[in-house]
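Here's the structure, in structure tokens; my notes come after.
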Amino acid sequence: MKILLAGGGTAGHINPALAIAGYSKEMDKNTEILFVGTKKGLESTLVPQAGYEIKYVKVEGLSKKLTFENFKSLLHMLIAKSKCKKIIKEFKPDIVIGTGGYVCAPAVMAANSMNIPTLIHEQNVFPGSAIKYLSEKSSVTAISFDESRRYLTGAKEILFTGNPIRPSILKCKREDARKRFNLKKEKMILIFGGSLGAETINRVSLEYMSELGQNGERRVLFATGQRNYDKCVQKAKELGIDKNSDISIVPYIHNMDEAMNASDVCVCRSGAITVSELCAISKPAILIPSPNVTNNHQEYNARALSDNGAAITILEKDFNKVSLKDAIESILSDEEKTIMMQKNSKKISSVNALEIIYSKIKELTE
């Protein structure tokens, strides 16, 4: 079987495509994989690192305004679609899969016009513009949250799969993870804002930690992001946090699988993969959606959990040391609430996305 995958720009679009590629190769070692991407996106680094071949096209996002730049973007889109048709003719894929980002549009459009089976995958609750447009002609639109159905009324077929979850986070045992962090009865609070960090989360978290006593009942693991680490360490010294041995401040957590499993509550952004992983391991969370994302999709993701009792959502404008402390204590000091949040997480989780997607791939290609 030959699979052409298109997804790019951010790791959130690329990693699901890489997961699908890896699982397909695992199921059938004779599967041939080819990626389509842009040289500007992270796919230009992540795809070759994973050992896959990638073909490049030039494509940019389209806005709804009539501007000269938009005409240029439209021209690039048409040229990219033509190039994708050429790539398809040469590679002869059995199916074309799009996982979001601007680059998936020309590839999937080309495949649809050539009557080749297509599957597109949306990671967030609120679908991106490319996915919404493509869903009307694509063979199958795979969604990660059931709430997405209401935004895809024109889709030919909708399939709930969930987000592909890294096997390593599912295999990690909580008992082993807690030993790794020397945890016994202490409650562990994990705070992170993504690989680059989030300034608001960092500032408020430091203010919260400055009032934490060193009594051995609470442990905090706080990842600042590489670019904010020095500034956060300096601020921690000013606030006297550096003298509290119950608090660990690091630039980045390399063993995030263990950290998430060992923790009792996570304080973080609400990117699609993050919230899917939290649900997969039934982890109570306090979600602070980033307000600086397209279509405010992080708030939609967070609400999908908090509306179902699996997390607490705090908008950035309402996020301060008081709201953070109240949210953390409402979870850690109430065992019944913790158990209920864990149960609710499990209800909305999906840990077999790759199996469902691969099964649909086989169905479409056979």
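At a glance:
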item	result
Distant-in-sequence amide H partners of VAL265 (H built 1.01 Å from N, under 5 Å)	MET188, LEU190
Computed E for SER282/LYS39 - FRET, C-beta separation, R0 45 angstrom, nearest 0.05	0.65
Karplus-derived 3J(HN,Hα), 6.51/-1.76/1.60, for each residue of the stretch 134-142, Hz, glycine and proline x	6, 4, 6, 10, 6, 4, 9, 10, 8
Degrees separating the helix 353-365 axis from the principal Cα axis of the chain, which is the longest one	10
Cβ charges +1 (Lys, Arg) and -1 (Asp, Glu), total dipole of the stretch 155-309, debye	340
Built amide H within the under 5 Å cut-off of GLY7, gap 5+	VAL36, THR99
Nonlocal amide H pairs with THR313, under 5 Å, H built at 1.01 Å	LEU287
Length added when fully stretched, GLU90-ASN292, from 0.36 nm per residue minus Cα-Cα	68.8 nm
Full-stretch length increase - ARG180, VAL233 - with 0.36 nm per residue and alpha-carbon distance subtracted	16.7 nm
Å² of accessible area per residue within the chain, as computed with a 1.4 Å probe and no ligands counted	48
Partners for LYS317 among lysines (Cα-Cα distance below 19 Å; same-chain residues under 8 apart left out)	LYS325
Of every Cα-Cα pair in the stretch 191-304, the percent that sits beyond 19 Å	46
Net +/- balance of residues flanking PRO93 in space, Cβ distance below 14 Å, scoring K and R +1, D and E -1	+2
Within straight-line cross-link reach of LYS231, aspartates and glutamates at Cα separation under 12 Å, skipping those fewer than 8 residues along the same chain	GLU199
Förster-model FRET efficiency, 41 Å R0, GLU53 and LYS137, C-beta, rounded to 0.05	0.95
Pairs beyond 25 Å (Cα-Cα), from LYS83/LYS360; LYS25/LYS173; LYS40/LYS86; LYS55/LYS89; LYS40/LYS171	LYS83/LYS360; LYS25/LYS173; LYS40/LYS171
Whole-Hz couplings from phi, Karplus 6.51/-1.76/1.60, listed for the stretch 145-161; x for Gly and Pro	9, 4, 4, 5, 4, 5, 9, 10, 5, x, 5, 5, 8, 10, 10, 7, 10
³J(HN,Hα), Karplus 6.51/-1.76/1.60, whole Hz, each residue of the stretch 228-238, x for Gly, Pro	9, 4, 4, 5, 5, 5, 4, 5, 4, 5, 4
At q = 0.09, 0.11, 0.12, 0.15 Å⁻¹, base-10 log of I(q)/I(0) for the chain (Debye sum, equal scatterers on each alpha carbon)	-0.54, -0.78, -0.90, -1.25
Contact order normalised by residue count of the chain, Cα under 8 Å, 6+ apart, percent	15
DSSP-assigned coil residues among GluC sites (Glu not before Pro) in the stretch 173-279, each with at most 15 further Cβ atoms within 10 Å	GLU211, GLU217
Estimated [θ] at 222 nm from DSSP helical runs (n ≥ 4, -39500 (n - 2.57)) normalised by residues in the chain, nearest 500	-13500 deg cm²/dmol
Within the accessible area of the chain (1.4 Å probe), percent carbon and sulfur	50
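The values are calculated or read from the model by the stated rules, or taken from the named source; none is laboratory data. Bear in mind the structure is a predicted one, so any value in this text is a computation, not a measurement. FYI the Cβ positions are ideal-geometry reconstructions off the backbone, even for glycines, and counts take in every protein chain you see. Remember, those area values only see protein heavy atoms, side chains included, never the ligands or the DNA or RNA. Shrake-Rupley method; radii C 1.70, N 1.55, O 1.52, S 1.80 Å.
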